Amino acid sequence: MTTYATMTIDELESLRIALYQEYDAFVAKGLSLNMARGKPSVAQLELARPMLDVVNAQTDVSAYTAVDVFNYGALDGIPEAKQLMASIMEVPSEDVIVMGNSSLNIMYDTIARAMTHGILGSTPWSKLEAVKFLCPIPGYDRHFAICEHFGIEMINVPMHDDGPDMDMIERLVAADDSIKGIWCVPKYANPTGICYSDDVIMRMGALTPAASDFRIFWDNAYAVHHLDSAHPVAVMSIREACKAAGHEDLWYMFASTSKVSFAGGGIAVVASSAANIADIKKNMFFQTIGHDKINQLRHVVFFKNLDGINAHMTAHAAILAPKFEIVLEIFENNLASAGIGEWTSPRGGYFISFDGMPGTAKRIVSLAKAAGVTLTGAGATYPYGEDPEDRNIRIAPSYPPLDELAQACELFTLCVKIASVEKLLTSHSE
Ligand code: PLP
């Protein structure tokens, strides 16, 4: 196939007619598919259902923990759950607080607390004229939504194959004390799937921000979510990188079992230095007398340890990997030679990041929607929902069954072709 960019106007026009016919045939099928969010599939969630039976009225709790999980107490979680989550996050368990069901909730609270009370005695962010966050792009829409909600100004930082642009980050944080944080998804990032290199992480830990209350928000959402469990990617510890640079308090790490056990029904954690953890606990005193320790116990009894988690995630991968493969195969077959898109091939996580020709993403998403396939909104992967080039689309292959996913991807690639031809014809006529 010749690339679209080298086609004549006549060739593009006849191609457009053929593509519209193909599209009409799709519309006639009356599809109703959703690839908007990275949700675990029914089959993945089924794997965790037996967890609902491991703690019941007959359970001898004392065989698992000395804590009375049915009563108040153990504000930072039962030690066994702290240990389990610490092993996922590769930090010591004393650095960990096990909270409720959602890591996003903890991230929100962390920012809310900084807004009202500052961090380790700093001026509350809400009292400052400006508060800014660095946002590697494309990134996770919910991180950006938290910032927008609190009126935190977001600064786009380009992503490379090994992590965000560290030259830019070093320069910005050193020069501007209103920059208070950076969002990072270091492993199998949402949406690119990239993993940060050792060099990037060492430089992160060695940052010298002008603001003493600058923090790295290290969202380790996909720590154990490998697509090929025989070849997991290892990512360097941000804790160790900060420690090596003498910046013990520079990091907060977040994680949950939302995509291990139950989405929104797992256990969520924050980890950080002793000083930051003490600061968080001081505030927690006013928030709660303790989170759900029965759910923590369920996770401990069901998974036992990191080996148990890894075995479970290998079973997840057996369901997820074929879905990623089919998306990549259809993209390769339908798009590669036309030269109208690029995409990532992640080794883990929940997403593939697609870049079309500039100025096509919104059109692709609306064409797909009109034919019955809901995608993540164009622009969602950027702060304020504004993709300056209108080209990035997050592909979320996890939820639909394989056959539906294949149909959705066939339609997606058709929409990419149509939007690209339309774009090229418009630019010819300008
Ligand atoms: N962080 C990232 C990077 C995610 O992709 C997601 C969900 O898609 C979350 C956090 C949400 O996690 P939780 O369910 O623990 O709030």
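Annotations for the structure displayed:
- The stretch 252-285, subset more than 16 Å from the ligand (Cβ to nearest atom) and crowded, with 17+ Cβ neighbours inside 10 Å, residue nearest to the chain's Cα centre (by Cα): S272
- Condition check for W218 on (1) surrounded by fewer than 22 Cβ atoms within 10 Å (Cβ to Cβ); (2) part of a strand (DSSP E or B): one failure, at (1).
- When V91 is tested against the conditions (1) within 30 Å of A36 (Cα to Cα); (2) β-branched (V, I, T); (3) out of contact with any Leu (no Cβ under 9 Å at 6 or more places or on another chain), the lone failure is (1).
- The stretch 107-119, subset surrounded by 20 or more Cβ atoms within 10 Å (Cβ to Cβ) and within 17 Å of A221 (Cα to Cα), residue nearest to the ligand (Cβ to nearest atom): M107
- Cβ-Cβ under 6 Å pairs, at least 6 apart or on other chains, the stretch 412-426 side touching a residue at least 12 places away in the same chain (Cβ under 8 Å), far side among the basic types (K, R): A419/R363; V421/R16
- Among (1) modelled with pLDDT of 95 or more; (2) out of contact with any strand residue (DSSP E or B) (no Cβ under 7 Å at 6 or more places or on another chain), the one test that G290 misses: (1)
- Among the residues of the stretch 105-135, those that are outside any loop (DSSP other than H, G, I, E, B), hydrophobic (A, V, I, L, M, F, W, C) and touching a residue at least 40 places away in the same chain (Cβ under 8 Å) comprise I106, M107, I111, A114, W125, F133, L134, C135.
- Residue that is surrounded by the fewest Cβ atoms within 10 Å (Cβ to Cβ), among those in the stretch 312-350 that are in contact with a helix residue (DSSP H, G or I) (Cβ under 7 Å, 6 or more places away or on another chain) and closer than 21 Å to H299 by Cβ: A315
- Scope the stretch 158-188; condition within 16 Å of the ligand (Cβ to nearest atom), in a strand (DSSP E or B) and among the hydrophobic types (A, V, I, L, M, F, W, C); matching residues: M159, I182, W183, C184
The values are calculated or read from the model by the stated rules, or taken from the named source; none is laboratory data. Source: prediction; values computed, not measured. In this analysis, Cβ positions are derived from the backbone assuming ideal geometry, glycine residues included, and neighbour counts consider all displayed protein chains.
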